[in-house]
Amino acid sequence: MAIDSDGVGGCGGIHLLSLRWEVMISSIFKPAVTSFITPVARFALRIGITPNAVSWVGAIGVTISSLYFYPRGDFFLGSAVVFVFALSDLFDGTMARISKTGASRWGGFLDSTIDRVTDSAILIGITVYLIDADDRLSTVVLVTLVTGLLVPYIRAKAECFAIACSGGIAERTERLMISMSAIALDGLGIPYVLAIGMWLLAILGLVTVFQRMMIVKRALK
């Protein structure tokens, strides 16, 4: 992901910070994760499992788990089950890259669409629980849900104008890590962690939406 601080104006420093954080995390975890995932992905391909099949299983699993466990208040158990199914997001991409046919445009489109569904299912499950509990935090979670949909929409719309728009202080990986951590820790009985996590997500989501809108605005001038 290239960052042009002049091209994004005042947002350049924040974009650069986000990039450096992403590179640091990638350099620490990516080798270990890749060494584990690649052999499993190769085995799955040998026995006839396709990347798209893995994507579908993961999506259905995350969606059903989120909408079953979270509205019941089973936050820790639900997060553990969701995490297991969410691993499919790592495997399907690796399988596509190392397969004989390589990654397909349909696979990329399917993966992106499934990401929107699963991310929304997680937040909808939490929202249902909070509404039932008459908790005003539900409004904050709804803001998080909307911004989570707007961030990739802005990128997709920008790409229609041939504008690269993948920057922002909190992309999908960061947002998913924050939400899942907050939900799971709340399930362990840690006070205020869910509220802190959802407020943080809402703020970061709004900032990221603004950043991407500014990137597009400057590019269209």
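Among 176, 206, rank each residue by its count of other Cβ atoms within 10 Å, from fewest to most, as a rough exposure measure.
Numbers: 176 19, 206 16.
Placing the least packed residue first, the sequence is 206, 176.
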### Query
Based on the Cβ-Cβ distance of residue 156 and residue 77, what FRET efficiency does E = 1/(1 + (r/R0)^6) give at R0 = 35 Å, to the nearest 0.05?
0.55
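How long is the gain from residue 87 to residue 214 if the chain were fully straight, where each residue apart is worth 0.36 nm and the alpha carbon distance is subtracted? Display every interim value, and only then the final one.
On the way: separation 127, 0.36 × 127 = 45.72 nm, distance 3.33 nm.
42.4 nm is the gain from fully extending residue 87 to residue 214.
Only counting other Cβ atoms within 10 Å, I'd like 208, 173 sorted with the fewest neighbours first. If you can, show how the numbers build up before the last one.
Details: 208 24, 173 12.
So the residues, fewest neighbours to most, are 173, 208.
Is there a quick way to get the dipole size of the range 77-120? I mean about its Cα centre, with the Cβ of Lys and Arg at +1 and of Asp and Glu at -1; what is the value in debye to the nearest 20? Each step should come with its number before you reach the end.
Details: 4 positive and 5 negative charges, 45 e Å.
Here the size comes out at about 220 debye.
Exposure proxy check: 43, 85 ranked by fewest other beta carbons within 10 Å? Don't skip to the answer; put the middle values down first.
Working: 43 10, 85 19.
Ordered by Cβ neighbours within 10 Å, fewest first: 43, 85.
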### Summary
Listed by chain and number, the aspartates and glutamates with an alpha carbon less than 18 angstrom from that of residue 100, same-chain partners under 8 positions apart left out, are 92
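Each value in this text was obtained by applying a stated rule to the coordinates, not by laboratory testing. From a predicted model like this one, the values you see are computed outputs, not experimental measurements. So basically every Cβ, Gly included, is an ideal-geometry build from the backbone, and we count neighbours across all protein chains shown.
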